[in-house]
Structure formats: C-alpha cells, structure tokens
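Trainee: Sharing a structure, written as structure tokens. Questions coming.
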Amino acid sequence: MTKTPDQNVQKTVKKLVLVVFAMFGFGFAMVPLYDVFCDITGLNGKTANTAAQVNDKGVDESRIVTVQFISHLSKGIPWQFEPMVREIKVHPGEMKLVKFYAKNESSKDIIGQAVPSVSPGQAALYFQKIECFCFNHQPLKAREDVEMALQFYVDPELPEHISTLTLSYTLYDVTESVES
Amino acid sequence: MTTDVIQDTDHQHDEHHDHKMTGLKRWLYTTNHKDIGSMYLWFSFIMFLVGGAMAMVIRAELFQPGLQIIEPDFFNQMTTVHGLIMVFGAIMPAFTGLANWMIPMMVGAPDMALPRLNNWSFWILPFAFSILLMSFFIGGGAPNFGWTFYAPLSTTYSNGSTAFFVFAVHIMGISSIMGAINIVVTIMNMRAPGMTYMKMPLFVWTFFITAYLLIAVMPVLAGTVTMVLTDTYFGTSFFDAAGGGDPVMFQHIFWFFGHPEVYIMILPAFGIVSTTIPAFSRKPLFGYSSMVYATASIAFLSFIVWAHHMFTTGMPLFGELFFMYCTMLIAVPTGVKVFNWVATMWRGAISFETPMLFSLAFVILFTIGGFSGLMLAMTPVDFQYHDTYFVVAHFHYVLVTGALFSIYAGAYYWLPKWTGYMYDDALSKWHFWCSLISVNLLFFPMHFLGLAGMPRRIPDYALQFADFNKWVSIGGFAFGLSQLIFLAVVIKCIKGGKKAEAKPWDGAEGLEWTVPSPAPYHTFEKPPKID
Ligand code: HEM
Ligand SMILES: [Cu+2]
C-alpha cells in the first residue's frame, strides 16, 4: 500500500519533532556528561570533593613539586580569606598540612563555601586531599575567625612535565541557599 | 460553449478565493508561501535597520577615545542587542524569507508543506523582538552580557533583563525550528515528479542542510537559555561554581549551538551565490555534486569544532590541538566551494549586473573572512587575537560581506520575479559601490586594531587607536546610509519600472523562471514536467 502525500508529510514531521525533543534533552544531558568526563579526565581543574585514600604508593624523594595556594572572594562576601602559607615544596607522596585563615568581618552570621580548582587542570586528578575545609560548609558568626586545615599529598604518578601546581580557592556566600 | 462558461466561473471563483481577505487580515491569516516570504523579508529588513541604528550608536561612541555620548552600561546593551538582532532578527529571517519564496517554486510545489505552521512561525517573531526591545524600557535596561550571554554575566550579575532575554530567545527558537521543519518536509515530500535529490538546485540543497542544522542545535540553545533562566531565578546551579556548577560548561553548551549557528548563517549564502554566479557567467555550476558533498561535510564538521571559541579557557593541550585541526579541516570543503565558484566563472561570458557584483564581492570578501578565521583557528595566535577587534573583523567579513551580501545578491536576482518590474539599475549600482567601499573602510582597519591589541566590547580605548577608529566610524556611518539606497530601490521596484519578462536574466536556470513575472499568487498547482 502506498502512502498518500499527507501521510508522508505527517511521518516526516513526527520524526523531526522527535529529533527536536531529543536535542533539547541532549542539551541537558551535556551537564552530567560534562561532569563525568571531567571527573575521569580532571580537565576542568575540579578536585574530588570527598576525602582521598591515604597514600600507599610511597614517597618519591627524587622529585620536588611546588604547590602554590591562592584564594579569591566571590562578589559580596564580607570575609577575609587567605592561605597562611603561599607556597610549599613537597615530594610526591609526602603528606602535608597547611592552614587557611578566614574571618567574617561583617556583623551578620554567614555560611561560606570554598570551591577548589587546580591549575593546570590535568593535575587535578593527582592532587589528593585527605582532609579539607572545602568538603563542608563553613559557618562563621559575626566577627568570628577560624583557621581551616587542608591535609593533602601529591600523587607520585603526577605526570613528569608538571612541576608546579596552583590550588585556588574561591569562597562563596551560601547562607541563603543553605537556610532555604 | 457551456463548458467555457463553467470554466470561466470556476476561474473567477478561484480568483475570488485568493483575494478574499484584504488589508491587514490578508497578512495576518495568509498561508501563502509568497506572502509569508515577503513578510519575512520585510521584517528582517526592519530589524536590520533597528540593529543598524544600534551599530551607529556604538560607532558614534567609538569615534573618539574617552566616554562621550553614552554610559558604559548602555554601550554594553547596544553591543548585545545589536548582535542578537542582527543574528536572529536580520540574517536568519531574511534567509527564511528567501526559502519561503523560492523553495516551493524551485522544486515545483504549489506551496510549503505546512502552510498554517508557516503562518505561525512568522507571526510569533514580532512578539519575540518586541519582548527583547521592551527590556530597554524596564528596570535595569536591556541585556548587557553580550550576544553570547556567558554565565555568570547573564546569571549572577544580570541587570534584571535575563527573563526578557530568555523568553525572547525561546520564541525565536521555536519560530526557527518550525520554519526548519517546514523546509525539510517540503523538500522531502513536495518535489515535482522527476525532481530527484541530485537534480535539486544547489540553493535548495543548502537550505535543506541548514534546516537540519537548525533542528539539531536550536533545541540546544533553548536548553541553554532555560538553564540560565533557572540559575538566575530558581536557585539551580548549572553554571554556578558555589553550588557545584561550572561556568566553563556554559561555554561548551553555548558554543555547541554557537558554531553550527554561524554555518546556519552562511550555508544558505553559499546556495544563493551558487545560483547567481552560473546565471551571470552563462555556464552551469562547476562541480555540482562536489558542492553538495562539501556543504554536507561543512555541516558535519561544524559539530566538532566548537571549542575554538574557548582556546583561552585553559583547555588541555590535546583538546587545543584537536579543535585546532578540526577547525582547519573546515577550510578544505570551504576551499572546494570557492574553487568551484571561480571555476564556474572561468571562461564564462560574464556580465556584471548588480546580483553578480554582490556575488563577486561575496566570493572575495568572504574568503578574506575565511582567512582571518584560519588565523584565529591557530591556538597559539588565538591567545593574542581572542576578544580583540581582530575577531570582530573576522566575523563581520563572513557575516556582512558574506551572509548579507549574498542576501542582497539574491534579492536583486529575484526582485523582478517578485515585483514584476526591473529594479532601477543605476540606483542599485550606487547601492553596491557605496556599500563595497564603506564596508571595507568599516571592517578592514579592525584587523589592525585587533592585532595591535584593542579589546572588543569596551566603550573606550587607548589613544594610539584613535585614528583608525575614526576611519572605522566614518565607514560605519557611510555603510549605514548606503543601506537606505537599497530600501529606495525596493520601493521603487514595487511601484513600477520596466516590465520584467518571465526570465529577465538570459543565463538563469530553474523552474522559477518558467512562471510569469510577477509570479502569480499560486504557482505549480499542477506539478511541472521535469526531464
Ligand atoms: C574558514 C572558516 C572559519 C574559521 C576557521 C573560523 C574560525 C573562528 C575562530 C577560531 C573563532 C574564535 C575567535 C576567538 O574568539 O578568539 C571565530 C569566531 C567567530 N566566527 Fe568564525 N571561522 C570561520 C568561518 C566563519 C563563518 C562562515 C562565520 C559566520 C557566517 C563565522 C562567524 C564567527 C563569529 C560570529 C565569531 C565570533 C563569536 C563571538 O565570540 O562573538 N566564522 N571563528
Ligand atoms: Cu566557530
């Protein structure tokens, strides 16, 4: 049985509308895909947001890697937030503890959240945090201050060509979204 | 005798049916592809003037260093809305207008496959742009985050215009998608018997492929603006690092749409000049099937090059190399096209009517835009050129002297068919030469400004850029004024002139020239015979 032209038109339209919806969905699917892709490859410099295993690959004393710390305040958060050491040298595999200082300089209680990012992005997978203030929210009462700990090691499998890592923290005010 | 009479009344009845509605109602309710095509073309020209007026404001502010006329925030609104209007309001609807007018006639169909949908796709457009323009008068002003609406500029730091922007883009997107579905369905189902795919004019092919691109990427744009909307107003964090999102991901999703979008604006242009160049060279198009394959491969490649807009976001080396080589690969099918156009002209009996002049200018100037594109595609140098006037020069060469010039070529080529009269030749030549000179004065020095480091989207600049900017602005005003000549030509041509024959160009090919000029309201109600 041959189809009438109208039936053909309807069939084509249906297929195309399906494609439209599929592509709309694909736009959203790119969000989790992007996250998975970046988790596997570490391409966007995001580090894991859960504690890493303690190093069991030994310490590579033959290499020295420089780790730098920087901090940013996102717009509108009235805190002081700084690394207490700006730069340290470590052997890959060696465990280190550094501290960050934060002070709420306003007269309001505020909940902060630090978001880490490693540059070069490729190194993100090799920056292992055992303990980090960025795993949790950090509430500070008005004028309260705190020293926050970061315990980490650099994975001995860090690619040879990387000799300096920069760890950047951006501090956000998440008071509203936590409370609501 | 009796049969004659009956036929006559039948005929009168038909006529009556056609023109039943008059005035505004005719245009509101029309489902005729020619009416809708005309409305698209007029609408796009009006939008072109509105967007052009904004460009004049931009160039007036940049005439001298320092802040003279407008506030920086308003400057940002001007660049943003200028970009949005030119892309979505001028170039794209103009192409859809040409598609509506010409595709049914070229494939020998009586109308588009879905005439009522066609009416809708057009009539929602004025609403979209009213919403966009309304934002100027409300609250914090119009969108000021660039036509690329990067998060967090459009989310966290929005001036309150994000909702207007998002709804406007949604409506434009729906309009484009409906228009594209109509084009695909028409081409797949309404071709006259004997019109096989490889017999279709290249014009039809390019619109066919463009429509597929639209169907594939406009929904992604809709998704992107939806995420921006919910990030701004409903507390999601797709692009908000504080909530675990990633602003760089915005750029990936946006440019996944954005790069195919630039080909949506150029493939139809390829189709137009592939029609006009053979007509005025009096030779068939050289390498028809290679043109079809080149178009298809450009469309395919356009999906895997998006990150060339993001070289400076800190991609890993492998990513930079991948996107660099893929981008350069696009130059191959593009080169095939340019080669074919030149080969078509080679030893042809060329004459220089206005459509041909615009087509020739297209080939040369679009190629310049392609070359600057190749320079931008080289990752290491893009670190220097990115976000400078070099990029502005690049995309204006491909869009203004590329897409827009091709639209002019098409408009002059088919004006006799649309209006039934020949346009005023002398006036049209004025339009061409004034445009050609001023457009190069406007955009060519921008290359040097960019190489010297002048950043784009900034209302002020360092003193050493002053001379060039003055010339650029003068070119800009001259180009803006020159476009009014086109308006004069069109109005004059609608009102009258030398009667056009059915086929006013002796080298023209195609079914549209087999019907009288002006094309009757209904054409090919009985499919033509194709051999
Ligand atoms: C040979 C072909 C082309 C190549 C290799 C190419 C390459 C590029 C590259 C690398 C950029 C990014 C520059 C930067 O931001 O640093 C760019 C920007 C751009 N290109 Fe092209 N391009 C080509 C053709 C086209 C065509 C045909 C169009 C449109 C008709 C187009 C429109 C644009 C636009 C609008 C932008 C700027 C987007 C923005 O940032 O606002 N390009 N091009
Ligand atoms: Cu691109």
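The values are calculated or read from the model by the stated rules, or taken from the named source; none is laboratory data. No experiment lies behind these values; they were computed from the predicted model shown. Backbone-built Cβ (ideal geometry, glycine too); neighbour counts: all protein chains shown. These area figures cover heavy atoms from the full protein model, side chains too; ligands, DNA and RNA do not enter into them. Shrake-Rupley method; radii C 1.70, N 1.55, O 1.52, S 1.80 Å.
Trainee: Sequence neighbours fewer than 8 away in the same chain don't count; with that in mind, list the lysines whose C-alpha is under 21 Å from B:LYS498.
Mentor: Cross-link targets: B:LYS417, B:LYS429.
Trainee: Looking at the square roots a ≥ b ≥ c of the eigenvalues of the Cα gyration tensor of chain A, which shape do they give, rounded for a/c under 1.5, prolate if a/b is larger than b/c, or oblate?
Mentor: Numbers: a/c = 3.80, a/b = 1.68, b/c = 2.26.
Judged from the Cα gyration tensor, chain A comes out oblate (a/c at least 1.5, b/c at or above a/b).
Trainee: How about A:LYS14: which aspartates and glutamates have a C-alpha closer than 14 Å to its C-alpha, ignoring those fewer than 8 places off in the same chain?
Mentor: Correct list for A:LYS14: A:ASP6.
Trainee: For the cross-link pairs B:LYS34/B:LYS492; B:LYS199/B:LYS337; A:LYS15/B:LYS25; B:LYS199/B:LYS495; B:LYS283/B:LYS503; A:LYS89/A:LYS129, which exceed 27 Å when the distance is taken from alpha carbon to alpha carbon? Could you put the intermediate results ahead of the total?
Mentor: Numbers: B:LYS34/B:LYS492 20 Å; B:LYS199/B:LYS337 18 Å; A:LYS15/B:LYS25 33 Å; B:LYS199/B:LYS495 36 Å; B:LYS283/B:LYS503 16 Å; A:LYS89/A:LYS129 16 Å.
From B:LYS34/B:LYS492; B:LYS199/B:LYS337; A:LYS15/B:LYS25; B:LYS199/B:LYS495; B:LYS283/B:LYS503; A:LYS89/A:LYS129, over 27 Å: A:LYS15/B:LYS25; B:LYS199/B:LYS495.
Trainee: Please report, to one decimal in angstroms, the Kirkwood hydrodynamic radius of chain B built from all distinct Cα-Cα pairs. List each step's numbers first, then the result.
Mentor: Working: mean 1/r = 0.0415 Å⁻¹.
For chain B, the Kirkwood estimate is 24.1 Å.
Trainee: Tell me, what ³J(HN,Hα) does each residue in region B:386-397 have, in order and in whole Hz, if you take phi through Karplus 6.51 cos²θ - 1.76 cosθ + 1.60 with θ = phi - 60° and put x for Gly and Pro?
Mentor: For region B:386-397, the Karplus curve yields 3, 6, 10, 5, 4, 5, 4, 4, 3, 7, 7, 5 Hz.
Trainee: So what are the protein assembly as shown's ellipsoid semi-axes, whole angstrom, largest first, if each one is the square root of 5 times an eigenvalue of the alpha-carbon gyration tensor? If you can, show how the numbers build up before the last one.
Mentor: Details: eigenvalues 576, 145, 128 Å².
Taking √(5λ) for each eigenvalue gives 54, 27, 25 Å, largest first.
Trainee: To continue, here is another question. What percent do you get for the relative contact order of chain B when only Cα pairs under 8 Å and 6+ apart count? Don't jump to the answer; show the numbers that get you there.
Mentor: On the way: 829 pairs, mean separation 93.0, N = 531.
Result for chain B is 18 percent.
Trainee: I've got another one for you. Counting partner chain Cβ atoms within 10 Å of every residue's Cβ in A:16-25, what's the average? List each step's numbers first, then the result.
Mentor: Working: counts 10, 3, 0, 7, 12, 1, 2, 11, 9, 3.
Whole-number average of other-chain Cβ neighbours for A:16-25 is 6.
Trainee: What does the accessible area of B:HIS447 come to, in Å² to the nearest 10, when a probe of 1.4 Å is used?
Mentor: Its heavy atoms expose roughly 10 Å² to the probe.
Trainee: Give the average, rounded to an integer, of partner chain Cβ atoms located within 10 angstrom of each Cβ in A:121-129. Could the numbers behind the result be given before it?
Mentor: On the way: counts 6, 3, 0, 0, 0, 0, 0, 0, 0.
Counting Cβ atoms of other protein chains within 10 Å of each residue's Cβ and averaging gives 1.
Trainee: Let me confirm one metric for peptide B:215-221, namely the mean number of other chain beta-carbon atoms within 10 Å of its residues' beta-carbons. Write out the running numbers ahead of the final one.
Mentor: Details: counts 5, 5, 3, 3, 9, 7, 3.
Whole-number average of other-chain Cβ neighbours for B:215-221 is 5.
Trainee: Which order do the peptides B:72-82, B:488-498 take when ranked by the mean count of other beta-carbon atoms within 10 Å per residue, highest first?
Mentor: Values: B:72-82: 20.5, B:488-498: 15.9.
The most tightly packed comes first, giving B:72-82, B:488-498.
Trainee: In addition: Ranked from highest to lowest mean number of other Cβ atoms within 10 Å per residue, what is the order of the peptides B:121-130, B:342-351, B:399-408, B:318-327? Walk me through the intermediate numbers first.
Mentor: Values: B:121-130: 18.9, B:342-351: 14.6, B:399-408: 25.3, B:318-327: 17.2.
My ranking of the peptides, most packed first, is B:399-408, B:121-130, B:318-327, B:342-351.
Trainee: Let me ask you something else. Ordered by residue, what ³J(HN,Hα) values in Hz, to whole numbers, does region B:474-490 give under the Karplus form 6.51 cos²θ - 1.76 cosθ + 1.60, where θ = phi - 60° and Gly and Pro are x?
Mentor: Each residue's phi maps through the Karplus curve to give 4, x, x, 5, 5, 5, x, 5, 4, 5, 5, 4, 4, 4, 4, 4, 5 Hz.
Trainee: Exactly which GluC sites (Glu not before Pro) in region A:133-164 are in a DSSP loop and have at most 13 other Cβ atoms within 10 Å?
Mentor: Working: sites: A:GLU144, A:GLU147, A:GLU157, A:GLU160; in loops: A:GLU144, A:GLU157, A:GLU160.
Within region A:133-164, the qualifying GluC sites (Glu not before Pro) (loop, at most 13 other Cβ atoms within 10 Å) are A:GLU144, A:GLU157, A:GLU160.
Trainee: Please work out the Cα center distance from region B:415-469 to region B:341-404, rounded to the nearest Å.
Mentor: About 13 Å separates the Cα centre of region B:415-469 from the one of region B:341-404.
Trainee: Something else now. Using each residue's phi in region B:79-94, evaluate 6.51 cos²θ - 1.76 cosθ + 1.60 at θ = phi - 60° and report the 3J(HN,Hα) Karplus result to the nearest Hz, with x for Gly and Pro.
Mentor: Ordered by residue, 3J(HN,Hα) equals 4, 4, 6, 4, x, 4, 5, 5, 6, 8, x, 9, 5, 5, x, 4 Hz.
Trainee: Also, quick follow-up: Taking H as built 1.01 Å from N, whose amide H comes closer than 5 Å to the amide H of A:ASP109, not counting residues under 5 places away?
Mentor: Close amide H contacts, sequence-distant or interchain: A:ALA142.
Trainee: Still on this structure, I have one more. Roughly how large is the A-B contact in terms of buried accessible area, totalled over both chains, probe 1.4 Å, nearest 100 Å²?
Mentor: Details: alone 11240 and 21960 Å², together 30870 Å².
Approximately 2300 Å² gets buried when A meets B.
Trainee: Quote the accessible area belonging to A:LYS75 in square angstrom, nearest 10, computed with a 1.4 Å probe and with ligands, DNA and RNA left uncounted.
Mentor: 150
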